[in-house]
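K.L.:
Structure below; questions to follow.
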Amino acid sequence: MNTLFKNKVPSFTIFETIIALLLATIVVSMIYITYRLTINEIGRVKNVISNNIDITKTNYLIEKEVFDCDQIEAAGNRLNFYDNNILTSSIDFNSNLIILSKNNLSDTLLMADNIHLNLGFHPSANNLLNRLSVKLNKGNQDMELYFYKKYDISSLLNKNGRQ
């Protein structure tokens, strides 16, 4: 009888196995939760980067129009850009779109949740813009773009003579 219990094989009890499985389940759950949080954060960061790229491109294109023209006039929510008294392009600012029209073509520069335009006029010429700010809200990001235009005396004389 005693020989049967003397050659006992070392093993785990069922209780030890259940505890090991519970611990493994907890560790795997923590790893999965960390993985999901990381994936969600990566998606959020990609969205923020994409919004910043869109806003930077829009900023560049508006800035290019501002600096390439001789004069900027406001007509409601539309900015008209003139070069040598010839309309070269225009930008329309709607509540959630910015549209560039140039050479009989139109392109949507930016789609945003909210767009607000603030205009500053030159004191010595009617309806001639010298500063512009655009407040944007895109993807819960608030951004404000500023543009300034310096005029030389010939542009101001041409503007006043054209009206």
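The values are calculated or read from the model by the stated rules, or taken from the named source; none is laboratory data. Computed from a predicted structure; not experimentally measured. For neighbour counting, all protein chains shown are included, and Cβ atoms are generated from backbone atoms with ideal geometry for every residue, glycine included.
K.L.:
Name the one entry in Leu117, Leu109 that is within 16 Å of Asp142 (Cα to Cα) and assigned to a strand (DSSP E or B).
P.N.:
Numbers: Leu109 fails: within 16 Å of Asp142 (Cα to Cα).
One residue alone meets the criteria, Leu117.
K.L.:
Which ones in segment 87-107 are of a type in the set (Val, Ile, Thr) and within 14 Å of the chain's Cα centre (by Cα)? Steps first, answer last, please.
P.N.:
First pass over segment 87-107, keeping only residues of a type in the set (Val, Ile, Thr): 88, 91, 98-99.
Ile98 - this is the single residue of segment 87-107 that is of a type in the set (Val, Ile, Thr) and within 14 Å of the chain's Cα centre (by Cα).
K.L.:
Now for a different question. Glu144 is checked against (1) at pLDDT below 85; (2) among the charged types (D, E, K, R); (3) within 25 Å of Arg44 (Cβ to Cβ) and fails just one. What number does that condition carry?
P.N.:
Exception for Glu144: condition (1).
K.L.:
Separate question: May I ask you to verify whether Asp142 is out of contact with any Pro (no Cβ under 7 Å at 6 or more places or on another chain), among the charged types (D, E, K, R), under 20 Å from Ile49 (Cβ atoms) and assigned to a strand (DSSP E or B)? Show your work before the answer.
P.N.:
Details: out of contact with any Pro (no Cβ under 7 Å at 6 or more places or on another chain): yes; among the charged types (D, E, K, R): yes; under 20 Å from Ile49 (Cβ atoms): yes; assigned to a strand (DSSP E or B): yes.
It is true that Asp142 is out of contact with any Pro (no Cβ under 7 Å at 6 or more places or on another chain), among the charged types (D, E, K, R), under 20 Å from Ile49 (Cβ atoms) and assigned to a strand (DSSP E or B).
K.L.:
With respect to the numbered conditions (1) of a type in the set (A, V, I, L, M); (2) closer than 30 Å to Asn140 by Cβ; (3) in a helix (DSSP H, G or I), which one is the sole condition not fulfilled by Ala20?
P.N.:
(2)
K.L.:
Another question, if that's okay. Examine segment 79-86 for a residue that is surrounded by 11 or more Cβ atoms within 10 Å (Cβ to Cβ), assigned to a loop (DSSP other than H, G, I, E, B) and under 25 Å from the mean Cα position of the chain (by Cα), and state whether such a residue exists. Steps first, please.
P.N.:
If we filter segment 79-86 for residues that are surrounded by 11 or more Cβ atoms within 10 Å (Cβ to Cβ), which is where we start, we get 79-83, 85.
Checking which are assigned to a loop (DSSP other than H, G, I, E, B) leaves us with 85.
Narrowing the set further to residues that are under 25 Å from the mean Cα position of the chain (by Cα) leaves none.
Taking every residue of segment 79-86 in turn, none turns out to be surrounded by 11 or more Cβ atoms within 10 Å (Cβ to Cβ), assigned to a loop (DSSP other than H, G, I, E, B) and under 25 Å from the mean Cα position of the chain (by Cα).
K.L.:
Which members of segment 89-141 meet the condition of being in contact with a helix residue (DSSP H, G or I) (Cβ under 9 Å, 6 or more places away or on another chain) and of a type in the set (Val, Ile, Thr)?
P.N.:
Ile91, Ile98, Val134
K.L.:
Moving on to the next point. I'd like to know if segment 26-46 contains one or more residues that are of a type in the set (Lys, Arg) and not in a helix (DSSP H, G or I). Don't jump to the end; show me each part of the working.
P.N.:
Let us first name the residues in segment 26-46 that are of a type in the set (Lys, Arg), namely 36, 44, 46.
Adding the requirement that they be not in a helix (DSSP H, G or I) leaves none.
No; the residues of segment 26-46 include none that is of a type in the set (Lys, Arg) and not in a helix (DSSP H, G or I).
K.L.:
Which condition number in (1) under 15 Å from Val134 (Cβ atoms); (2) modelled with pLDDT under 85; (3) aliphatic (A, V, I, L, M) is the one that Ile91 fails?
P.N.:
(2)
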